[in-house]
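Here's the structure we're looking at; comments come further down.
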Amino acid sequence: MEREFKELKRRLAEISDLELVISLLNWDQSTYMPPGGGPARGRQMATLARLSQEKFADAAIGRLLDALQPYVDDLPYDSDEASLVRVTRREYERLLKVPPSFMAEYYNHSASQYQLWTEARPANDFAAVLPGLQKTLDLSRQMANFFPGYEHIGDPLIEIADYGMKASTLQHLFAELRAQLVPIVQAITSQPPADDACLHQHFPKAQQQELSKAIIRQLGYDFDRGRLDETHHPFMTKFSLGDVRILTRYLEDKLEEALFSSIHEAGHAMYEQGICRDFEATPLASGIAAGLHESQSRLWENIVGRNRGFWEYYYPSLQAAFVDQLKTTSLDTFYRAINKVERSLVRTAADEVTYNLHIMLRFDLELALLDGSLAIHDLPEAWHTRIQDDFGITPPDDRDGVLQDVHWFNGFIGGAFQGYTLGNILSVQFYEAALKAHPGIPDEICQGQFETLRAWLTKNIYQHGSKFTTQELVQRATGSPIQIEPYIRYLRAKFGELYRL
Ligand code: ZN
């Protein structure tokens, strides 16, 4: 078996090399590449993506997996070798079901649709993207139909992002959450909004950069295996387990932007930096699923980064960095400002309490489009109605309505959004489990110490890479299946205190 394992790992390393080089090209495109590099860069990335797909869908991989199966059947489920074969087989079989010609058509279509969207959004021109969006919907349905036997046509698309999840499970979970959330949102937004003027003064970029670096270093982001750069849309990317980078965005009139997006992306990155190094260059060497990954970024961004104790420790340094701007602002005013709750139109700017309503809206509309109960040309109207129902406000146009998110314009319709809300729910479930094991964590946060929390996350989540599914990992780490109660408890405690609910 040793020979087969060696051969499988050699092939997987080649595939991983190709994929991580694509990430490097993409990182460069998002940072330092001059505009003239665009067309060739698109082609280069497409070439590498095709090569890596061909290498993965090679029948030789299937033969190696078959040869290894009887051997790993005798190993424990969570052993490295059994997990490698199981996870590789899942990906291999998925790739075999989707014809390469379909993927080529899909990539071409989404590249041109994305281009249209970049112009249509500022122009508030839904009509310009409508025919393309209809084609995206057709392609999304075709994609789903490569995986017959589903309960809802959205299931296969949801599974691509969040393996093991399906529409009905999520609808049930989200309905429960929604029932609890709506009254909280109403109770808060019927009060005068928090004053966040202190965040919207002039904060020079250079000082913001220093501050972001200092904070994420203290949280535990390893700069020997990463770096922080600047881009238009913050993200995390990885070229190996020894090189996990983050990108943030500085707005000189919005202190919260770089601060919290740096912490958010550092949360994603610490997850990747914490994966067992033996998994390097295999399919196990990455965090699992959209929702689980998002739980790690949200945990650091919201539970730690928007926590009062955290700022009891950090606020004096922040005031020292921005003396003119913050010397007369109290910690309490600052804390309320970074936790301001309001009915707003834009998802990415939404607060912890209203954020999930934005996601559920998109999730429900995606499913309705896929199952045919909503037509593409009725989408803007459906969006407006739902915003009106949930938030009591009316979008003035489609720019901050149906055109606001890139997801449906550079990817499939289906599976694009549920991960954000799953992430919010899971972030608190994991944090509660960590507190149960180490009740001293909140006191440590007040002292700027994060080792105990990070060690718990590394042991229970990070180190496992892609070994387990989301449900398996949640069960192992918390002793329960996915549940919304911890998240609701957290919101009630934090915002109940802030808004005297
Ligand atoms: Zn994220």
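The values are calculated or read from the model by the stated rules, or taken from the named source; none is laboratory data. Quick caveat, the model's predicted, so the values are computed rather than measured. So basically every Cβ, Gly included, is an ideal-geometry build from the backbone, and we count neighbours across all protein chains shown. The protein model used for the area step is the full one, side chains on, heavy atoms only, and it has no ligands, DNA or RNA in it. Shrake-Rupley method; radii C 1.70, N 1.55, O 1.52, S 1.80 Å.
Below is a table of values for the structure above.
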read-out: Residue match in region 46-62 (condition: farther than 25 Å from F146 by Cα and surrounded by fewer than 17 Cβ atoms within 10 Å (Cβ to Cβ)); value: no
read-out: Members of region 239-258 that are crowded, with 24+ Cβ neighbours inside 10 Å and over 17 Å from L24 (Cα atoms); value: L255
read-out: Residue in region 248-255 that is touching a Lys or Arg at 6+ places or on another chain (Cβ under 8 Å) and more than 16 Å from the ligand (Cβ to nearest atom) present; value: yes
read-out: Set S317, S295, S261: member being in contact with a Pro (Cβ under 6 Å, 6 or more places away or on another chain) and either within 12 Å of the ligand (Cβ to nearest atom) or part of a helix (DSSP H, G or I) (or both); value: S261
read-out: Qualifying helices (runs of 4 or more DSSP H) (wholly inside region 399-501; at least 3 residues being over 20 Å from F310 (Cβ atoms) and either open to solvent by less than 30 Å² (accessible area, probe 1.4 Å) or without any contact (Cβ under 8 Å) to a residue 60 or more places away in the chain (or both)); value: 407-410, 418-437, 470-478
read-out: Any hit, region 353-362, residues being within 27 Å of the chain's Cα centre (by Cα), farther than 21 Å from F409 by Cβ and in a loop (DSSP other than H, G, I, E, B); value: yes
read-out: Tabulated pairs, region 29-42, first on the phi < 0 side of the Ramachandran plot, second open to solvent by less than 70 Å² (accessible area, probe 1.4 Å) and part of a loop (DSSP other than H, G, I, E, B), C-beta under 8 angstrom, 6+ apart or interchain; value: S30/T231; T31/T231; R41/M33
read-out: Selection count, region 320-334, where residues are open to solvent by less than 10 Å² (accessible area, probe 1.4 Å), of a type outside the set (A, V, I, L, M) and assigned to a helix (DSSP H, G or I); value: 1
read-out: Any hit, region 265-284, residues being at pLDDT 95 or above, more than 30 Å from L65 (Cα to Cα), more than 13 Å from the ligand (Cβ to nearest atom) and not aromatic (F, W, Y); value: no
read-out: The one condition in (1) within 16 Å of the ligand (Cβ to nearest atom); (2) assigned to a helix (DSSP H, G or I); (3) open to solvent by less than 20 Å² (accessible area, probe 1.4 Å) that I215 fails to fulfil; value: (1)
read-out: Hey, A493 of a type in the set (A, V, I, L, M), out of contact with any Leu (no Cβ under 6 Å at 6 or more places or on another chain) and closer than 30 Å to T118 by Cα or not; value: no
read-out: Hits in region 160-184 (condition: assigned to a loop (DSSP other than H, G, I, E, B) and open to solvent by 40 Å² or more (accessible area, probe 1.4 Å)); value: Y163, K166
read-out: Test: residue in region 316-335 that is acidic (D, E) and farther than 28 Å from A455 by Cβ; value: yes
read-out: F409 being aromatic (F, W, Y) and touching a Gly at 6+ places or on another chain (Cβ under 9 Å); value: yes
